[in-house]
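Colleague: Please find one structure pasted underneath; my questions will follow.
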Amino acid sequence: MIGNRITHRTADGVRIPGTWRHAFIRNGGHYFLTDLFIYADGLIDCWGLVTVEEFEEKLRTGWVATSFPEGGDASAHELADWKFSEPESWITPELLVAEVRDTIDQLNGRPDSTGRCLAAVDVFLADRTEENRAAAREAFLAVPETQRRYALGDMDSKDRPLRILVAGPGGQTYLPFDGTVTQKDYDSALAYFEERAHWRSERATRVPGDGPATPHAPALHLYHSFPTQPVDDPGKLALRHDYPAPITLEGTAYPSVAHAYWALSVADLETRHAIATAETATAARTLAAETPRREDWEHARTAVMTHLLRAKYGQHPELAEVLLATDDATLIYDDMNSSFWGDNAGRGRNWSGRLLELVRSELQGRRAGILGV
């Protein structure tokens, strides 16, 4: 299961999504605990990228290990060394390959073995022939045994209704302790699936009370730029803090948001005036960098920037339209001088982008009549 273990690699400039899980590599007589990376294009990184077929071969030869000898040497890189004592493994090479194949399906948004099983069960429930039951049973047994208990997403019943259903009255499940399936067991399983179908149909007709229609909003990248003059059609360039859009705050005029931000960051009033009148935003920042910050500036700066952005888009309706035109896009703001304000290839906090989205939401709220003007 993928869970929150999300990663990626880049191939020919394309981002390939992936995930990872722990595994042991056997090199010589030593076992190394490592991470097994699985990618949507079907490649697996286990000390080198391999195909699924090549990965199966590594399992067959024991290079990727699923069983361990008593007293075998093991280590986790730069963490610990130990010897196995009474080792017990819950996974086999066949199970691991099946789980990896499922993971690749999940990364591609395709039905995995569980999805295929539930689809076969739906076919059987719609037409309860023994042929359809046999197909559902085969699909169920194709789900890795480690994953069957999660197939219904019900941690109370687990997979019991499913294994009873596909076994049928008088049949045997894959678990010996279930014994022979009675008619009462089977009727109970049928009732479970009827109730589940009713619940699923209700859930499908519900309209979300909140949130976007799509799980991921599109992204708009606001790259580094150094605008010095306003232009007739600035496009997303207008969303940069250093774009020359004068704002007035408490009687003081600033050539741009960046000028105002850096001016307000310093304690010395004379320097503050020099920054406010600097020829460019870059010059304003340089002057500020040479002057001590105001006390607690780092704690107040996000509030200050929010105030400045509200002023910019409130005093420049044409630029507010540019911001509103980004709709619900995630705004990725690059700032070569700050990993606090910039996203910077995922290494920064992107506070500039986040505050722009906040101000955009406020503008949308006013336009919809939800917030006061």
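Throughout, read-outs are computed from the coordinates displayed, never taken from laboratory work. Because the structure is a prediction, the values reported are computed rather than measured. Please note: Cβ atoms are built from the backbone with ideal geometry, for glycine as well, and neighbour counts cover all protein chains shown.
Colleague: Take Ala126 and Asp81, extend 7 Å from each Cα along the Cα→Cβ direction, and tell me the distance between the two endpoints in nm.
Modeller: Roughly 6.1 nm, to one decimal.
Colleague: Please state the relative contact order of the stretch 289-373 as a whole percent: Cα pairs under 8 Å, 6+ residues apart? If you can, show how the numbers build up before the last one.
Modeller: Working: 77 pairs, mean separation 17.5, N = 85.
Once normalised by length, the contact order is 21 percent.
Colleague: Between Trp90 and Ser225, with labels modelled 7 Å along Cα→Cβ, what's the label distance in nm to one decimal, could you check?
Modeller: Reported label-point gap for Trp90 and Ser225 is 5.3 nm.
Colleague: Hey, another quick one. Evaluate the relative contact order of the stretch 113-201 (contact order divided by residue number), counting alpha-carbon pairs under 8 angstrom at least 6 apart; express in whole percent. It would help to have the intermediate numbers written out before the result.
Modeller: Working: 90 pairs, mean separation 18.2, N = 89.
Result for the stretch 113-201 is 20 percent.
Colleague: Which whole-Hz couplings ³J(HN,Hα) result when phi for each residue of the stretch 231-245 is put into the Karplus expression 6.51 cos²θ - 1.76 cosθ + 1.60, θ = phi - 60°, listed in order with x for Gly and Pro?
Modeller: Values per residue, Gly and Pro as x: 10, 5, 10, x, x, 5, 4, 5, 7, 6, 5, 8, 5, x, 10 Hz.
Colleague: What is the list of residues in the stretch 98-128 whose amide nitrogen lies under 20 Å from a point 7 angstrom out from the Cα of Asp178, following Cα to Cβ?
Modeller: Those under the cut-off are 113-128.
Colleague: Let me ask something else about it. Based on the alpha-carbon gyration tensor of the stretch 113-201 and its eigenvalue square roots a ≥ b ≥ c, which shape applies: rounded if a/c is under 1.5, prolate if not and a/b is larger than b/c, or oblate? Don't skip to the answer; put the middle values down first.
Modeller: Values: a/c = 1.14, a/b = 1.06, b/c = 1.08.
Here the stretch 113-201 falls in the rounded category.
Colleague: Would you mind calculating the gained length between Glu318 and Glu298 on full extension (0.36 nm times residue separation, minus the Cα-Cα distance), in nm to one decimal? Don't jump to the answer; show the numbers that get you there.
Modeller: Details: separation 20, 0.36 × 20 = 7.20 nm, distance 3.11 nm.
Here the answer is 4.1 nm.
Colleague: If you don't mind, there's one more thing I want to ask. Under 21 Å between alpha carbons, and skipping anything fewer than 8 positions from Lys158 in its own chain: which lysines qualify?
Modeller: Counting by Cα, and skipping residues close in sequence, Lys158 has these lysines nearby: Lys184.
Colleague: For a footprinting-style exposure proxy, rank Thr306, Thr173, Thr51 by other Cβ within 10 Å, fewest first. Provide the component values of the computation, followed by the final result.
Modeller: Numbers: Thr306 17, Thr173 21, Thr51 12.
Going from sparsest to densest Cβ surroundings: Thr51, Thr306, Thr173.
Colleague: Going by C-beta contacts inside 10 Å, put Cys46, Cys117 in order with the fewest on the left. Present the calculation step by step, with values, prior to reporting the outcome.
Modeller: On the way: Cys46 19, Cys117 26.
Ascending Cβ contact count within 10 Å gives the list Cys46, Cys117.
Colleague: Oh, and also: Can you give the FRET efficiency for Thr146 and Glu290, using 1/(1 + (r/R0)^6), R0 = 41 Å, r = Cβ-Cβ distance, to the nearest 0.05?
Modeller: Values: r = 61 Å, r/R0 = 1.50.
It comes out at approximately 0.10.
Colleague: Also: Give me the angle, in degrees from 0 to 90, between the Cα long axis of helix 93-107 and the longest principal axis of the Cα atoms of the chain, rounded to the nearest 10.
Modeller: 40 degrees
Colleague: May I pose another question? So for the pair Asp156, Ile6, with labels modelled 7 Å out along Cα→Cβ, what separation do we get in nm?
Modeller: 3.1 nm
Colleague: While we're here: Could you give each residue of the stretch 280-286 its phi-based ³J(HN,Hα) in whole Hz, using Karplus coefficients 6.51, -1.76, 1.60 with θ = phi - 60°, and x for Gly or Pro?
Modeller: Working through the residues one at a time gives 9, 5, 5, 5, 5, 5, 4 Hz.
Colleague: Would you calculate, for the chain, the mean residue ellipticity at 222 nm contributed by helices, counting each DSSP H stretch of 4 or more residues as -39,500 (n - 2.57) and dividing by all residues, to the nearest 500?
Modeller: Values: 13 runs with 156 residues, N = 373.
Calculated from helices alone, the mean residue ellipticity at 222 nm is -13000 deg cm²/dmol.
Colleague: Given charges of +1 on the Cβ of Lys and Arg and -1 on the Cβ of Asp and Glu, with all other atoms neutral, how large is the dipole of the stretch 113-201 about its Cα centre, in debye to the nearest 20?
Modeller: Details: 12 positive and 14 negative charges, 37 e Å.
Magnitude of the dipole: close to 180 debye.
Colleague: Oh, and also: Mind sorting out which of (i) 28.1; (ii) 30.4; (iii) 19.7 is the real mean projected area of the Cα convex hull in nm² computed from the coordinates?
Modeller: Comparing each candidate, only (i) matches the computed number.
Colleague: Looking at Leu324, Trp262, Ile370, which one has the Cα that reaches farthest to the positive end of the dipole of the chain (charges on Cβ: Lys, Arg +1; Asp, Glu -1)?
Modeller: Positive-most Cα among the choices belongs to Ile370.
Colleague: Here's a follow-up. What is the helix-to-structure angle for 113-126, meaning the angle in degrees between its Cα long axis and the longest Cα principal axis of the chain, kept from 0 to 90 and rounded to the nearest 10?
Modeller: The angle comes out near 60 degrees.
Colleague: Report the GluC sites (Glu not before Pro) located in the stretch 216-282 that are in a DSSP loop and have at most 14 other Cβ atoms inside 10 Å of their Cβ, or state none. Intermediate values should be presented prior to the final figure.
Modeller: Values: sites: Glu250, Glu270, Glu279; in loops: Glu250, Glu279.
Answer by residue number: Glu250, Glu279.
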